[in-house]
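First the structure, in the form of C-alpha cells, and then the observations on it.
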Amino acid sequence: MNKKRSQENLDRQARLAAIQAEQRAGERKRNALIFGGIGAVILAIIIAVTLVIVNQVQVNRDREAAAGQDIDGVQTYSDVTFDHVDGPVEYEQSPPVGGNHNPVWTNCGVYTEPLPNENSVHSLEHGAVWITYNPDIGQAEIDKLTELVGTRSYVLLSPYPDLDSPVAASAWGLQLKVDSADDARLGTFLDKYIQGEQTREPGAACSGGITPAGSVG
C-alpha cells in the first residue's frame, strides 16, 4: 500500500512538474511575443523619426541651395537714402524698399491692417522682410501667407491697399512681386533676405518699436 501511495505521489509530482513546465513555456512565449511586439514598435518609431530627420535635412539643404542663387524676378534698387526724418515721406517704390524713414521702426509680426511706410522701412533697414498683399486676394491666399510667415522673426505681413500685384516681398533695396501666395519664390526670398547681406544694421531689433493697430501675432 505504501509503495502504491509513493508511486501515486510521484505521478502527481510528475504531472505537476509537467504542468508547471508548460506554464513556464507559455509565459516565455507570451513574453517573447510582447517584447517582440514592443521591439517592432520601437524600431518602426526609430525608422519614422529617422526618415523625418533625413527629409528635413534635405529640405533645409534644398532651401539653402535655392537661397544661395539669384531669385528670378527680384528687382534691385541701389543707392536708396536712409536718413531719419519726421513726417510723411514720398517713396519711389510701392511698397517702399528703402529711403528716408521714421526714427522708430514697426515691430515685426502679422498685421490685418495697413502699416505706416515710414516706420516699416526702418524695419527693413534692420533686416526685416515685408510681405504685403492686395486686400482683394481673398482670405484663402492671406491664410497661406500667414502660414508661410509662421513663427519666423524679422518678418512683417500686412495688407497694402492699391498694390499693383497680388503679393509683394520687400527687403532693403530689393523687391519681388508675384501673382500668388503659392509662388515658391516667396519662401526663398524670406530664406535669403531675412537678416541677409542687404541689411544695413545687422543685429538691430525688430521689436521694441511701434505696434500699429491690427496686429494678430
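Would you look at the GNM of the chain, springs on alpha carbons closer than 10 Å, and say which of PRO95, PRO166, PRO116 moves the most?
In this elastic network of the chain, the residue with the biggest mean-square fluctuation among PRO95, PRO166, PRO116 is PRO116.
Report the antiparallel proportion of the DSSP beta bridges in the chain as a percent, rounded to a multiple of 5.
Among the beta bridges of the chain, antiparallel pairing accounts for roughly 55 percent.
Mind grabbing the base-10 log of I(q)/I(0) for the stretch 113-164 at q = 0.17, 0.28, 0.29 Å⁻¹? Debye formula, identical points on the C-alpha positions, no solvent, two decimal places.
-0.52, -1.16, -1.19
Take each complete run of DSSP H in the chain, measure how far its Cα atoms stretch along the helix's own axis, and keep only those covering 30 Å or more with mean Kyte-Doolittle hydropathy at least -1.0; list them.
Counting only whole DSSP H runs, the qualifying helices are 2-67.
Can you tell me the length gained on complete extension of the stretch ASP83 to GLN69, counting 0.36 nm per residue apart and subtracting the Cα distance?
Gain in length upon complete extension: 2.0 nm.
Could you pull out the GluC sites (Glu not before Pro) across the stretch 139-208 that fall in loop regions by DSSP (anything but H, G, I, E, B) with no more than 11 other Cβ atoms inside 10 Å?
Passing both the DSSP loop test and the Cβ count: GLU197.
For the chain, with a Gaussian network of springs between Cα atoms less than 10 Å apart, report the residue from ASN107, ASN119, ASN31 with the top mean-square fluctuation.
In this elastic network of the chain, the residue with the biggest mean-square fluctuation among ASN107, ASN119, ASN31 is ASN31.
Expressed in nm to one decimal, what extension gain is obtained for the pair ARG28 and GLU197 from 0.36 nm per residue of sequence separation less their Cα-Cα distance?
That pair, ARG28 and GLU197, stretches by 54.4 nm at full extension.
What accessible area per residue comes out for the stretch 107-217, rounded to a whole number of Å², with a 1.4 Å probe?
40
So for the pair ALA140, PHE35, with labels modelled 7 Å out along Cα→Cβ, what separation do we get in nm?
The answer from the label model is 5.5 nm.
In whole Å, what are the extents of the chain along the principal axes defined by its C-alpha atoms, from largest to smallest?
121, 35, 35
Multiply the residue separation of ILE47 and ASP162 by 0.36 nm, subtract the distance between their alpha-carbon atoms, and state the gained length in nm to one decimal.
So the chain would gain 36.3 nm between ILE47 and ASP162.
I'd like the carbon and sulfur percentage of the solvent accessible area for the stretch 148-217, probe radius 1.4 Å, heavy atoms only, ligands and nucleic acids excluded.
Percent of accessible area from carbon and sulfur atoms in the stretch 148-217: 49.
Could you check which residue among ASP79, ASP164, ASP182 shows the biggest mean-square fluctuation in a GNM of the chain with a 10 Å Cα cutoff?
ASP79
The values are calculated or read from the model by the stated rules, or taken from the named source; none is laboratory data. In this text, all values refer to a predicted model and were calculated from it rather than measured experimentally. Using ideal geometry, Cβ is built from the backbone for each residue, glycine included, and neighbour counts are taken over all protein chains shown. With ligands, DNA and RNA removed, areas are computed over all heavy atoms of the protein, side chains included. Shrake-Rupley method; radii C 1.70, N 1.55, O 1.52, S 1.80 Å.
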